Structure formats: structure tokens, C-alpha cells
1. Show me, for segment 49-62, the HN-Hα J-couplings you get by feeding each phi into the Karplus relation (A = 6.51, B = -1.76, C = 1.60, θ = phi - 60°), rounded to Hz, glycine and proline as x.
2. What residues qualify as long-range amide H neighbours of M74, i.e. H under 5 Å apart, gap of 5 or more or another chain, H built at 1.01 Å from N?
3. Rounded, prolate or oblate: pick one for segment 1-124, where a ≥ b ≥ c are the square roots of the eigenvalues of its C-alpha gyration tensor, a/c under 1.5 means rounded, and failing that, prolate if a/b is larger than b/c, else oblate.
4. Amide H of L86: which non-local residues (sequence gap of 5 or more, or other chain) have their own amide H closer than 5 Å, using H built in the peptide plane?
5. If you place +1 on the Cβ of every Lys and Arg and -1 on the Cβ of every Asp and Glu, how big does the dipole about the Cα centre of segment 64-119 come out, in debye to the nearest 20?
6. Roughly speaking, what is the stretch gain from D42 to A103, that is 0.36 nm per residue apart minus the C-alpha to C-alpha distance, in nm to one decimal?
Amino acid sequence: MLRGVTEEYSKEIVRLGKDLLRVFSINLGLQEDYLQGAFGVDDIGACLRVNFYPKCPQPDLTLGLSSHSDPGGMTFLLPDEHVSGLQVRKGDEWITVKPAQHAIIVNIGDQIQVTYISLCSSSLESKMTRLLVKTIFYYLMILNS
């Protein structure tokens with residue numbers, strides 16, 4: 001049963017990714033299939049990773065994941081709506097991402113940003129993210145990238 005649910009979820013995330021690549025291409029003034037072509041046309045790779053972060057007795061002394069940028073094209077996060085552990089860096093400040101009910105967080109990865117930079121010949125800083133450890137809730141994060 002879990003295998004079927006996971007396969008269906010993955011299929012829908014890949015479909016969403018293809019739709020977003022088309023929208024991004026159009027909004028960048030490119031042919032609508034430009035980014036999808038850059039990522040493999042119909043053979044777009046996806047990786048499903050599930051992270052489980054148990055309760056932490058001293059979250060102020062622990063960082064869940066160190067700061068990083070996502071190297072792929074896009075990362076889809078399905079966060080627990082009751083736990084806000086994801087942070088995004090803007091300038092010198094870390095901003096906590098507040099999860100919304102039934103929402104998927106889409107993080108634009110380095111590969112799309114590099115493509116954008118090469119097309120626009122402008123500088124664009126990769127967004128850094130990190131994950132905080134929380135005390136009250138268990139945290140289950142599903143990542144597709």
C-alpha cells in the first residue's frame with residue numbers, strides 16, 4: 001500500500017515540476033519547453049527522500065541541517081503544518097517559513113538559477129536554507145529534487 005501511495009505522489013510531483021518548468025520558461029521569455037529540455041525532456045529525474053526529525057530536548061543547542069543551497073532544479077517540501085523549522089536566508093537574516101495547510105513548498109535550486117544567470121548575464125545569489133530542531137513535534141519532511 002505504501003509503495004502505491006509513494007509512486008502516485010512521486011508521479012504527481014514530477015507532473016507539477018514539469019508544469020512549473022513550463023511556466024518558468026514562459027515567464028523568462030523562452031520557448032515553453034526550454035527548461036524541460038534542459039532537464040531531460042520526458043526523462044526528468046526525481047529523487048524522493050523522507051527525513052524524520054524526532055523531538056529534541058534542547059533545540060537551542062542543535063541545528064537540524066546546516067545552511068545549504070539545493071543543487072538540483074527544484075526541491076518540493078511537504079512540511080508538517082504544525083512545525084515551522086525551515087528557514088530561508090534573505091541578506092543577513094534567517095526568515096522562518098511558516099507552513100500552510102495542504103501546501104507544498106517549492107525551492108528553486110541552483111541549476112535553474114544558473115540557467116537564469118546565463119540567460120540574463122546578471123548576478124543572482126542562491127537562496128540558502130537550513131532546518132531548525134523543535135521540541136514539541138516530530139518533524140517528517142518529504143523532499144523531491
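Throughout, read-outs are computed from the coordinates displayed, never taken from laboratory work. Computed from a prediction, not measured in an experiment: that's the story for all the values here. No Cβ is skipped: glycine too gets one built from the backbone with ideal geometry, and neighbour counts run over all protein chains shown.
1. Coupling constants for segment 49-62: 10, 10, 10, 10, 10, x, 4, 10, x, 9, x, 5, 9, 9 Hz.
2. G109
3. Numbers: a/c = 2.38, a/b = 1.32, b/c = 1.80.
Here segment 1-124 falls in the oblate category.
4. Counting only residues 5 or more places away or on other chains, the set is V97, L132.
5. Working: 3 positive and 6 negative charges, 15 e Å.
The dipole magnitude comes to about 80 debye.
6. Values: separation 61, 0.36 × 61 = 21.96 nm, distance 2.56 nm.
Length gained, D42 through A103: 19.4 nm.
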